[in-house]
Amino acid sequence: MIWLGEKRGNLSDWVTQQWVRFTGRDVSLAECPWLDGPVGGTRQIGKQFFDDYANQNNLEPIRSGIRGLIPDFRALEANNPGMSAVADPVRQFYEQTSEFHLDAWSQWYSPLRPFGKALSILFSRRLQQLNVPLSSLDCARGMTSSVVQLRHPHSGKVVQTAWVRELRATQNVIYAGSYSICKVPGHPGACVKVVFPLPNGSAIVIMKAESEPEGSLVLKSPA
């Protein structure tokens, strides 16, 4: 990898960032607060990222007690018709995520496997972020699930919840993201926001919540 210095980082990351700038548009976080979130440095993200993030932003990491991706599920019910019908086990997962164990089985579609391997070599393994398993054997020993709530020390409010998952077989971080609730102009209800820190930026997924008649929860991220 070609290193361009602490400000720009690796060449592959810097080129990707320039492409995003060229194809995207500038926005002000003051005007678009729903796009704010953790931003990575130029080096590895990894499972320690949110400890450093909490320290830099004067947040208190909470690792004890019951911790959920969404501390109070009722936050999703405001102006979201039908959300009160979501089944209790679904609510419990989001409010008590730390009490659940996760398992996964993943395998790439053969024609796309070279793309996945290239993505892993260029970005994922080096950054220790978004390491999608390349083989079902990568998932054979399961994965860890670390849920850390980041709380404002004065107000006691949980600002966001970090969820980090690591493959036991390879010790690669498959997922390091933060969960929070946000409001998006043009949509009356609260949305779920997931932020994946990346070099000099982040990838943000904003999903609207819908309930199904049988009590399931659907999170959609339309164009």
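At-a-glance table
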quantity: Of VAL159, PRO199, HIS187, farthest towards positive along the dipole that unit charges on Lys, Arg, Asp, Glu beta carbons give the range 158-223; calculated: PRO199
quantity: With at most 12 neighbouring Cβ atoms within 10 Å, loop trypsin sites (Lys or Arg not before Pro) (DSSP) excluded, longest segment of the chain; calculated: 64-140
quantity: Rounded to whole Hz, the Karplus (6.51, -1.76, 1.60) HN-Hα couplings of the range 80-86, x for glycine and proline; calculated: 10, x, x, 5, 5, 8, 4
quantity: In sequence order, calculated HN-Hα J values of the range 122-134 (Karplus, 6.51, -1.76, 1.60; Hz; x Gly/Pro); calculated: 6, 10, 4, 5, 5, 7, 6, 7, 6, 7, 5, x, 8
quantity: Residues whose placed amide H lies under 5 Å from that of LEU198, excluding near-sequence neighbours; calculated: GLY40, ALA203
quantity: Under 14 Å, Cβ to Cβ, from PRO188 - net charge with Lys/Arg +1 and Asp/Glu -1; calculated: 0
quantity: Whole-angstrom gap from the range 73-95 to the range 115-178, using each part's C-alpha centre; calculated: 25 Å
quantity: Range in the chain, longest, excluding exposed GluC sites (Glu not before Pro) [loop by DSSP; at most 12 other beta-carbon atoms within 10 Å]; calculated: 32-213
quantity: Environment charge of ALA85, counting only residues whose C-beta is closer than 15 Å and scoring Lys/Arg +1, Asp/Glu -1; calculated: -3
quantity: For the chain, convex hull volume per residue from C-alpha positions, Å³; calculated: 158 Å³
quantity: In nm, spacing of pseudo-spin labels at HIS187 and GLN92 (7 Å Cα→C-beta vector); calculated: 2.8 nm
quantity: Flagged links, alpha-carbon separation over 23 Å, of LYS193/LYS220; LYS117/LYS208; LYS47/LYS183; LYS47/LYS117; LYS117/LYS220; LYS157/LYS183; calculated: LYS117/LYS208; LYS47/LYS183; LYS117/LYS220
quantity: Residue-wise HN-Hα coupling along the range 6-13, computed from phi with Karplus coefficients 6.51, -1.76, 1.60 (Hz; x: Gly, Pro); calculated: 4, 6, 9, x, 6, 4, 4, 5
quantity: Distance (nanometres) between label positions extended 7 Å along Cα→Cβ at ARG141 and SER155; calculated: 4.2 nm
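None of the figures in this text is laboratory data; all of them are computed from the coordinates on show. Note that the structure is predicted; figures quoted are calculated from it, not measured. Reconstructed Cβ throughout: ideal geometry from the backbone, glycine too, with neighbour counts over all protein chains shown.
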